[in-house]
1. What is the distance in Å between the Cα centroid of region 233-260 and that of region 73-99?
2. Can you tell me which of 273-280, 308-315 comes out highest on packing, and rank the rest after it, using the mean Cβ neighbours within 10 Å?
3. For a footprinting-style exposure proxy, rank R238, R449, R459, R354 by other Cβ within 10 Å, fewest first.
4. Which whole number in µm²/s is D for region 266-404 by Stokes-Einstein, with the Kirkwood Rh taken over Cα pairs at 10 °C and 1.306 mPa s?
5. Calculate for the chain the 222 nm mean residue ellipticity that helices alone would give, adding -39,500 (n - 2.57) per DSSP H run of length 4 or more and normalising by residue count, nearest 500 deg cm²/dmol.
6. Relative to the present Cα-Cα distance, how much length would full extension add between D105 and T250 at 0.36 nm per residue of separation?
7. Please compare each pair in K33/K245; K66/K99; K272/K366; K245/K405; K240/K289; K46/K240 to a cut-off of 25 Å on the Cα-Cα distance and tell me which ones are over it.
8. Can you sort Y146, Y249 by how many other beta carbons sit within 10 Å, fewest first?
Amino acid sequence: MNGTRTLPTRPSDHGRKYSTPMAPPFMVSAPGKVIVFGEHAVVHGKAAMAAAISLRSYLHVTTLSKSHRTIRLCFPDIGLDHTWNIDELPWDVFGKVLKKPKYYDMVTSLDEKLVEAMRPAIEEVAPEEQGDKRRILQSAASAFLYLYLSLQQATTPAAIWVLRSTLPTSAGLGSSASVCVCIAAALLKQIHVLSGPHPDQPDEEVETQLERINRWAFVGELCIHGNPSGVDNTVSTRGKAVLFKRTDYTRPPQATPINTFPELPLLLVNTKQPRSTSTEVAKVGALKKKYPDVTEKTLDSIDQVTMSAYKLITSDSFDPKSEHNIEHLGDLFRMNHGLLVSLGVSHPKLERVRELVDYADIGWTKLTGAGGGGCAITLLKDNVDKQRIEKLQEDFEDAGYEEYKTTLGGDGVGILYPAVLKNGSEEKGGEEINLQKFLNAQGADDIERLAGVGIREKRPEWKFWRLSDAN
Ligand SMILES: Nc1ncnc2c1ncn2[C@@H]1O[C@H](COP(=O)(O)OP(=O)(O)O)[C@@H](O)[C@H]1O
Ligand SMILES: C[C@@](O)(CCOP(=O)(O)O)CC(=O)O
């Protein structure tokens, strides 16, 4: 349980004064991911292999004093800034009409009655926006509101929630999952049902906390996606790398940690072609309905590719420096991509990445995530000439693509409670990351500099639920 702390009265973001907030501002962060093998097939009960990346979402929560009765969501990356009056939210639907789920329950589908009851509150979000933009804003707002109403009470204190991400939105790197993990963890933290994280926490207890966060993050994903497999929120919660499979949606998925995930020489390129995961997932669903046998066989083939890659990288003899091993993995990249193309989820801009890499003859490319645009990953051949990589990077730039530098297999969800960093100084109290500082950060580099999770420097104040065998 968290102790509460009384903060001195200080200026707010609107020049107003806060009077004795009930809890200190705190932060939560969760990573994005790359799916190395098995996207789409995983929605249909097959295996997928995915790893956390160092690009992350950061959520800052400021609790306000009892005199306030509002909840403000400020998600500047997507242009969302909305305030609800807490007392006007449909709290009564739970309890009177429905049984409120417990924080430890496993919720595997959205309750239509609650979705319906939430509708007016969601409709008032960004009414001036149209089409995709509106969908993006409203889906993020519904993920928050569904979890908020499910986990909190009408007596919940007023608060300001600010979320910023170093991940590109809707590009296949699991931005929605990282947002949902942050929201779920922060709500559970606020209602004091998360213990730790602390360094000597027993594995069993760590598992319970991670499972709790992951289950609710999945519910958030249901609000954004419609039909998520759960691989993204699982990797974002747990970090590192996993082999994931979910055949029965009423039971927890199988998530086998891959503790020895190799350091692979990967290029990660964003075509910047916008797309939505739910659309791409629905495309495969429609194809399966139209051509059940052929589609099922294709999904089975993807499963075989994934399992073959899993066997390869977890074998004692696997060496990421071995030309032979990398070629084997590369062939599997190419096959997986080909199968995704045949499911209709590639895009000419993704094919262009593959073409440029093939012409340069320096590696193997596959789309990653839902496809239809977004990102591709290229596994580089051993000892590739630096100049050829540089030429390829120029070609990407000319095509309007963006390359990301990231590392694979980092930490999952982390908490900074309170939002204070010592930043090398032993000065009493340290440096608080307040709302205004967080909002003022200019872009991804600045966010990482201000609050980053162990990317530029070790930030011992951030705490993670780590299992002993995954350190
Ligand atoms: N930085 C962000 N701030 C708020 N919401 C976000 C952010 N990034 C993503 N989202 C939410 O996630 C959705 C994108 O999800 P999705 O299409 O699955 O893309 P991805 O592959 O990146 O997960 C957006 O519509 C929005 O609701
Ligand atoms: C296509 C899919 O397998 C991965 C989607 O990843 P992303 O949302 O594009 O980052 C869907 C899922 O697993 O829920």
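Here, each number is a calculation from the coordinates, and none is a lab measurement. Remember, predicted model here, so these are calculated numbers, not experimental data. For neighbour counting, all protein chains shown are included, and Cβ atoms are generated from backbone atoms with ideal geometry for every residue, glycine included.
1. Taking the Cα centre of region 73-99 as reference, the centre of region 233-260 is 30 Å away.
2. Packing proxy ranking, top to bottom: 273-280, 308-315.
3. R449, R459, R354, R238
4. D, rounded to a whole number, is 100 µm²/s.
5. -12500 deg cm²/dmol
6. Extending this stretch completely gives an extra 51.1 nm.
7. Long pairs (Cα-Cα over 25 Å): K66/K99; K245/K405; K240/K289.
8. So the residues, fewest neighbours to most, are Y249, Y146.
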